[in-house]
Structures are given as structure tokens and as C-alpha cells.
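Values in this text are rule-based calculations from the coordinates and carry no lab data. Owing to the predicted nature of the structure, the values given are computational and were not obtained by experimental measurement. As a convention, Cβ positions derive from the backbone with ideal geometry for all residues, glycine included, and neighbour counts pool all protein chains shown.
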Amino acid sequence: MPQASVTLSPTDDVVPYRFGEKSAHSLAMAGFRQVVFKAYEGLGHYTVPKEMEEVVHWLASRLGLEGSR
């Protein structure tokens with residue numbers, strides 16, 4: 001089964017936070033396993049290095065690319 005990661009900020013003024021929660025729930029109900037939903041406080045509709053590092057780590061671990069950086 002596929003895996004998924006959803007990240008969002010409660011202060012995002014473009015994508016409502018509840019949509020992130022609903023997306024994670026819908027993915028889990030559709031059969032995705034290990035759905036990760038992570039909130040980043042005070043971010044708005046932007047990214048920060050910490051978020052990108054965590055996304056890269058999550059992808060690399062799922063693709064078997066750990067230690068390739």
C-alpha cells in the first residue's frame with residue numbers, strides 16, 4: 001500500500017487547516033498506510049528549511065535513498 005505525508009500550517013491563509021486534516025483522513029480511509037500529518041505553526045502558506053528537511057527525509061526513507069545526500 002502507498003504511504004503519504006501531508007504538511008500544513010494552521011495559519012495558512014490559502015489552504016484551510018481543516019482541509020489538511022481531512023486530506024490525511026481521506027488518504028488513510030482510501031488505504032494509504034502510515035499517513036503522516038504534520039502541522040507547522042506560524043508558517044502561513046510558505047515553507048521553511050525545517051519542513052523541507054523533514055519532507056526530504058520522509059521521501060528518502062520511503063524510496064530507500066537514506067544516506068545518499
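Of the residues that sit in segment 37-56 and are surrounded by 13 or more Cβ atoms within 10 Å (Cβ to Cβ) and not hydroxyl-bearing (S, T, Y), which one is farthest from S5 (Cα to Cα)?
L43
Applying the selection to segment 31-47, what residues are within 25 Å of S61 (Cβ to Cβ) and part of a loop (DSSP other than H, G, I, E, B)? I'd like the intermediate steps shown before the answer.
Of the residues in segment 31-47, the ones within 25 Å of S61 (Cβ to Cβ) are 31-41, 43, 46-47.
G31, F32, Y40, E41, L43, Y46, T47, listed by residue number.
Being touching a Leu at 6+ places or on another chain (Cβ under 7 Å) and touching a residue at least 24 places away in the same chain (Cβ under 8 Å) is the filter here, so list the residues in segment 13-29 that pass it.
Here is the first cut: in segment 13-29, the residues touching a Leu at 6+ places or on another chain (Cβ under 7 Å) are 15, 17, 20.
V15 - this is the single residue of segment 13-29 that is touching a Leu at 6+ places or on another chain (Cβ under 7 Å) and touching a residue at least 24 places away in the same chain (Cβ under 8 Å).
Of the conditions (1) touching a strand residue (DSSP E or B) at 6+ places or on another chain (Cβ under 9 Å); (2) assigned to a loop (DSSP other than H, G, I, E, B); (3) not aromatic (F, W, Y), A28 fails just one. Which one is it?
It fails just one condition, (2).
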